Amino acid sequence: MKEQEKTQSNAGFPPSSLPRDPETGYFLDVPARIREIYKHNCFMSDFFHISIDEIYCGGAQVSLHIEHDKHANHRSAVNGGVLTALAYSVLGVTGASVGEIVVTASFSMNFISNVSIDSTVRMISNIKHHGRSTMVIIGEMYDSRNRLLATMLASMVNVDKIEGIPGKW
């Protein structure tokens, strides 16, 4: 257990009191553990107020409520950087869903349509490739009327394992 605590503290994640399987040591509620980790992510929680809606093995859904005073540009349209930030925020959560700490090697967005102010945008991600050292994540962004707004493709480097989260669950 001391080695597990060392790995966990090296990753910078807060300790957890969530229940674990006594045989494997894995968290019984993996989404709860990932939410617990990302609760302390200033970029997602304090700056953009991005919500983690769903976490499943190999993917996630995050969302953002679009507000004029926070997210509009000088033409009162949603700034593409805001949509990119939402897309980018799902990457770490998606990697965590299979027990990986990941960093971005490449990232691209294709903008299809803009979104209205005062609506909610959601980004849905899935892992397309999960190798020993790399991961490819794809995503699609939708508005509250289920219109496709953007697509995303990211190549990630797997830099470490998240203690207590299995690769499959």
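A few notes on this one:
- Selected residue [assigned to a strand (DSSP E or B) and either surrounded by fewer than 18 Cβ atoms within 10 Å (Cβ to Cβ) or not aromatic (Phe, Trp, Tyr) (or both)] from PHE107, PHE43: PHE107
- Residue check, PHE47 under 16 Å from the mean Cα position of the chain (by Cα) and modelled with pLDDT under 85: yes
- For region 110-126, the count of residues that are under 28 Å from PRO14 (Cα atoms) and over 14 Å from the mean Cα position of the chain (by Cα) is zero.
- Here the condition is being touching a helix residue (DSSP H, G or I) at 6+ places or on another chain (Cβ under 9 Å) and over 20 Å from GLY167 (Cα atoms); of VAL93, VAL78, VAL102, it holds for VAL78 alone.
- Enumeration of residues in region 50-77 that are polar (S, T, N, Q) and part of a strand (DSSP E or B): SER51, GLN61, SER63
- Identity of the residue in region 56-69, more than 15 Å from ILE138 (Cα to Cα) and either surrounded by 15 or more Cβ atoms within 10 Å (Cβ to Cβ) or among the aliphatic types (A, V, I, L, M) (or both), that ends up modelled with the lowest pLDDT: ILE66
- In region 111-162, residue farthest from SER16 (Cα to Cα) [restricted to those that are part of a strand (DSSP E or B), touching an Asp or Glu at 6+ places or on another chain (Cβ under 7 Å) and in contact (Cβ under 8 Å) with a residue 40 or more places away in the chain]: LEU149
- Enumeration of residues in region 121-155 that are surrounded by 15 or more Cβ atoms within 10 Å (Cβ to Cβ) and among the β-branched types (Val, Ile, Thr): VAL121, ILE124, ILE127, VAL136, ILE137, ILE138, THR151
Here is a yes/no grid of residues against (1) among the charged types (D, E, K, R); (2) within 20 Å of GLU54 (Cβ to Cβ); (3) modelled with pLDDT of 95 or more:
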site: VAL82; (1), (2), (3): no, no, no
site: ILE101; (1), (2), (3): no, no, yes
site: PHE107; (1), (2), (3): no, no, yes
site: ILE112; (1), (2), (3): no, no, yes
site: ILE127; (1), (2), (3): no, yes, yes
site: VAL159; (1), (2), (3): no, no, yes
site: TRP169; (1), (2), (3): no, yes, yes
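- Annotation: PHE43 fulfils all but one of (1) of a type in the set (A, V, I, L, M, F, W, C); (2) over 21 Å from ASN126 (Cβ atoms); (3) touching a Phe, Trp or Tyr at 6+ places or on another chain (Cβ under 8 Å); the unmet one is (3).
- Yes/no for LEU153 being more than 17 Å from GLY59 (Cα to Cα) and at pLDDT 95 or above: no
- Filtering LEU83, LEU91 for residues that are assigned to a helix (DSSP H, G or I), touching a residue at least 60 places away in the same chain (Cβ under 8 Å), closer than 11 Å to VAL115 by Cα and under 16 Å from the mean Cα position of the chain (by Cα) leaves a single hit, LEU83.
- Number of positions in region 22-37 that are within 15 Å of TYR56 (Cβ to Cβ) and part of a helix (DSSP H, G or I): 6
The values are calculated or read from the model by the stated rules, or taken from the named source; none is laboratory data. None of these values were measured; they are calculated from a predicted model. Neighbour counts run over all protein chains shown; Cβ positions are idealised from the backbone, glycine included.
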